[in-house]
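Okay, so here's the structure we're looking at.
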Amino acid sequence: MNKSSWQSRRRRGRRSHQQNPWFRLRDSDDRSNSQAAQPAQDSGSRDDESPSTSSGTAGASSVPELPGFYFDPEKKRYFRLLPGHNNCNPLTKESIRQKEMESKRLRLLEEEDKQKKIARMGFNASAMLRKSQLGFLNVSNYCRLAHELRLSCMERKKVQIRSLDPSALASDRFNLILADTNSDRLFTVNDVKVGGSKYGIINLQSLKTPALKVFMHENLYFTNRKVNSVCWASLNHLDSHILLCLMGLAETPGCATLLPASLFVNSHPAGIDRPGMLCSFRIPGAWSCAWSLNIKANNCFSTGLSRRVLLTNVVTGHRQSFGTSSDVLAQQFALMTPLLFNGCRSGEIFAIDLRCGNQGKGWKATRLFHDSAVTSVQIVQDEQCLMASDMAGKIKLWDLRTTKCIRQYKGHVNEYAYLPLHVHEEEGILMAVGQDCYTRIWSLHDAHLLRTIPSPYPASKADIPSVAFSSRLGGSRGAPGLLMAVGQDLYCYSYS
């Protein structure tokens with residue numbers, strides 16, 4: 001063979017060897033392995049000089065991305081990704097994402113147990129007291145910042161639930177919880193293992209530290225239909241009933257049910273009719289519901305349907321229907337003004353003037369717009385502002401007088417789920433659970449994110465926590481705290 005042709009082929013092979021990304025990766029691994037084999041004192045000196053990172057994502061970002069392959073920063077090599085529908089493949093993009101989220105959740109839980117977080121940098125108890133003594137903080141700002149400091153020091157404790165059927169507590173999973181006006185009762189919807197749902201009321205008056213024990217009152221009312229929306233209703237007295245919107249199933253249409261809270265009290269003898277009647281209204285396709293405490297709509301409730309709003313009087317049975325251009329997913333009545341606010345799937349928020357009839361177009365009083373489906377509306381600040389959240393994770397505070405957004409609360413995670421907002425003006429906080437199963441608390445004053453609480457359970461679509469916050473858990477003599485229901489467990493984040 002000619003010597004010159006042999007050398008030219010050798011040079012071409014060397015160039016192709018350098019251009020192939022697999023060989024470049026192998027060369028980089030060889031260089032990294034050779035560097036790792038150097039004396040320990042040299043590597044130790046370099047570690048002291050270089051900043052440490054909490055995860056290997058920074059190292060993985062510098063590695064070239066190959067289509068169909070995943071680079072593991074711990075093992076420093078590529079792994080092939082197969083389609084997610086292949087059940088035999090343990091490595092998919094979804095599994096990798098869940099593994100990263102789980103490691104982050106466990107790390108945050110460990111950090112919460114070891115050290116207390118500070119809601120605002122530079123603010124602790126001694127610094128706030130000193131600034132208040134020097135006159136740099138007025139009374140209202142001092143109380144607000146002191147409350148934020150207590151929020152950052154809330155500790156997680158598991159609540160012991162007692163029931164007449166302890167075996168059901170080990171299998172039934174919490175779907176949602178809803179506290180009443182005085183925060184001494186907690187209405188629960190539990191998913192039964194055999195299918196369907198079960199309702200219960202937890203008495204919070206026995207929720208006292210250090211032994212957190214509560215009793216759940218149950219009844220025999222089951223349903224195999226999904227609960228779309230629930231709220232407390234004041235028919236006979238304050239929070240005397242629970243209003244439920246149930247989705248239709250097969251040939252059974254959807255309905256709105258008024259369930260008396262007295263049915264959950266187990267002190268009545270067997271065979272005697274319990275006080276309170278269960279009322280059911282055939283309302284197909286109800287997405288949301290709201291009970292009215294406004295005198296202009298006394299004994300009335302509203303249901304948000306597909307492309308219309310239905311206002312029903314429980315006593316007389318009279319109904320009013322208002323046509324809309326989209327499904328109504330969220331509702332709330334104003335207390336001082338005769339208005340009903342509605343949030344739609346199209347992103348529109350509008351108010352219905354209850355003084356006008358459903359004829360004509362004069363009943364639409366206010367119109368606001370989001371870029372995604374609205375999942376929750378809350379009236380705040382003496383009914384001058386409206387808080388709304390959507391399925392894009394946006395939480396906005398609207399001025400109803402100017403119809404402009406005056407504040408936005410960032411950090412909420414939502415893509416398609418129906419997630420509520422929890423506004424507590426007395427404490428000056430906003431609370432929401434994201435689709436990533438993290439509970440976030442903001443300051444109403446300046447939209448500052450005060451705390452992010454990870455879920456005690458691994459993040460999943462079936463285990464999104466349901467929360468309830470009150471400054472008086474258990475009644476007028478109760479202590480402030482947060483209740484979180486996830487899986488089969490109930491947790492209390494109380495002030496230390």
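The values are calculated or read from the model by the stated rules, or taken from the named source; none is laboratory data. These numbers were taken from a predicted model, which means no experiment stands behind them. Side chains included, ligands, DNA and RNA excluded: accessible areas come from the protein's heavy atoms. Shrake-Rupley method; radii C 1.70, N 1.55, O 1.52, S 1.80 Å.
Laid out as a table, the results:
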read-out: For the range 408-483: relative contact order, % (alpha-carbon pairs under 8 angstrom, 6 or more apart); value: 22
read-out: Distance violations [Cα-Cα > 22 Å] among LYS99/LYS158; LYS104/LYS213; LYS158/LYS208; LYS93/LYS410; LYS157/LYS193; value: LYS99/LYS158; LYS104/LYS213; LYS93/LYS410; LYS157/LYS193
read-out: Those lysines that a straight Cα-Cα span of less than 28 Å connects to LYS364, excepting residues fewer than 8 apart in one chain; value: LYS296, LYS394, LYS396, LYS404
read-out: Mean accessible surface per residue for the range 319-383, computed with a 1.4 Å probe while every protein chain stays in place, in Å²; value: 43
read-out: Global form of the range 150-208, assessed from the alpha-carbon gyration tensor, a/c cut-off 1.5; value: prolate
read-out: Separation between Cα centres of the range 305-342 and the range 63-78, rounded to whole Å; value: 54
read-out: Accessible area of the range 282-355 belonging to carbon and sulfur atoms, whole % at 1.4 Å probe; value: 51
read-out: Under Karplus coefficients 6.51, -1.76 and 1.60, residue-wise ³J(HN,Hα) of the range 231-242 in Hz, glycine/proline x; value: 7, 7, 10, 10, 8, 7, 8, 5, 6, 7, 9, 10
read-out: Between the range 195-255 and the range 140-189, the alpha-carbon center distance in angstrom; value: 16
